[in-house]
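Some notes on the structure that comes next.
The values are calculated or read from the model by the stated rules, or taken from the named source; none is laboratory data. Everything numeric here is computed off the predicted structure, so don't read it as measured data. As a convention, Cβ positions derive from the backbone with ideal geometry for all residues, glycine included, and neighbour counts pool all protein chains shown. Please note that ligands, DNA and RNA were not included when accessible areas were found on the heavy atoms of the full protein model with its side chains. Shrake-Rupley method; radii C 1.70, N 1.55, O 1.52, S 1.80 Å.
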Amino acid sequence: MMASPTDLPLPPGRRRTPAPVAPDPALADLALAVHARLCPVHGCPIPYFHSLDPLSELVSSLLSHRTRNADSGRAFKALRARFPEWGELLDAPTHEIEASIRGVTWPELKAPRIRAALGAVRERHGALSLDFLAGMGVHEARAWLEAIPGIGPKTSAAVLSFSRLRMPALPVDSHHHRVALRLGLIGRTVGVGPAHAVLRAQLPADWSAQALYDNHEVMMLHGQAVCRHARPACGRCVLIDLCPSRQVSTREP
């Protein structure tokens, strides 16, 4: 798998310690204005798309890297059918895991990565469960997860936000990141990994898990439907007057 630098293993003994982020007040105002415009379009509060236990969400998130949601969803169901208990996966040969997830990108790399991540959870916690993260703060829980090789900011945030833990963490995917770049919420040199801390700091510190989930979802959905990578539909964008990257000549029927 062609992982981003934030999802590559750390050297032994190192832990990620996110640098404090002081948001620009003007950008914080812009982030709130964007959220207020997009929420009515997409119907906030947005229902959570599933309710997995956090360990299963970890597996689902690792499968989803650079893969369409429909394909990763099918792969997750196939993997769960083949291994009803995640402990069975730890004892399975790599080729069996790979065969179950062949619909995702780079199954030959994701199969050993998933097994290694589950093994690290059991080794560090003494059991194959991440339910204990509910007793931690968000920063502590994310640091615990990101100490596992192969788990970066996107995966740690997804585990806390998307799983039934429902903790206030903000995931940032490629669509979310692209919208933030075009709006000027983050600089051109800020990658997806570092963007997590910057974009979270622009939103109120006391926002609930639902509000942060809504923010991720509306930014992602806007990136998929309007602010696309190729031929963005600026002519029907509700953010056009806020966007320094707008293409005013762009029109769609």
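An ellipsoid equivalent to the stretch 175-253, defined through the eigenvalues of its Cα gyration tensor, has semi-axes of 23, 14, 11 Å when rounded to whole angstrom and sorted largest first. Computed from phi, the 3J(HN,Hα) profile of the stretch 234-242 under the Karplus parametrisation 6.51, -1.76, 1.60 (θ = phi - 60°) reads 4, x, 10, 8, 6, 9, 4, 6, 9 Hz, with x in place of Gly and Pro. Per-residue Karplus couplings for the stretch 50-56, computed as 6.51 cos²θ - 1.76 cosθ + 1.60 with θ equal to phi - 60°, are listed in order as 6, 9, 7, 5, x, 5, 5 Hz, Gly and Pro entered as x. Computed from the alpha carbon positions, the gyration tensor of the chain leads to an equivalent ellipsoid with semi-axes of 32, 21, 16 Å, biggest first.
In terms of overall dimensions, the C-alpha atoms belonging to the stretch 126-197 reach 43, 23, 17 Å along their principal axes, ordered largest to smallest. Calculated [222 nm] ellipticity per residue, helices only, for the chain: -16000 deg cm²/dmol; basis is -39500 (n - 2.57) per DSSP H run with n ≥ 4, divided by all residues, nearest 500. Accessible area per residue for the chain, computed on protein heavy atoms with a 1.4 Å probe, is 48 Å².
Other residues whose C-beta falls under 11 angstrom from the C-beta of A99 contribute a net charge of -1, scoring Lys and Arg +1 and Asp and Glu -1.
Placing +1 on the Cβ of every Lys and Arg and -1 on the Cβ of every Asp and Glu, with no other charges, gives the stretch 127-237 a dipole of roughly 560 debye about its Cα centre. No disulfide-compatible partner, judged by a Cβ distance under 4.7 Å, exists for the following cysteines of the chain: C227, C234, C237, C243.
For the chain, the Cβ-based charge dipole about the Cα centre amounts to some 660 debye (Lys, Arg positive; Asp, Glu negative; other atoms uncharged).
Eigen-decomposition of the gyration tensor built on the alpha-carbon atoms of the stretch 71-156 gives equivalent ellipsoid semi-axes of 24, 14, 12 angstrom, largest listed first.
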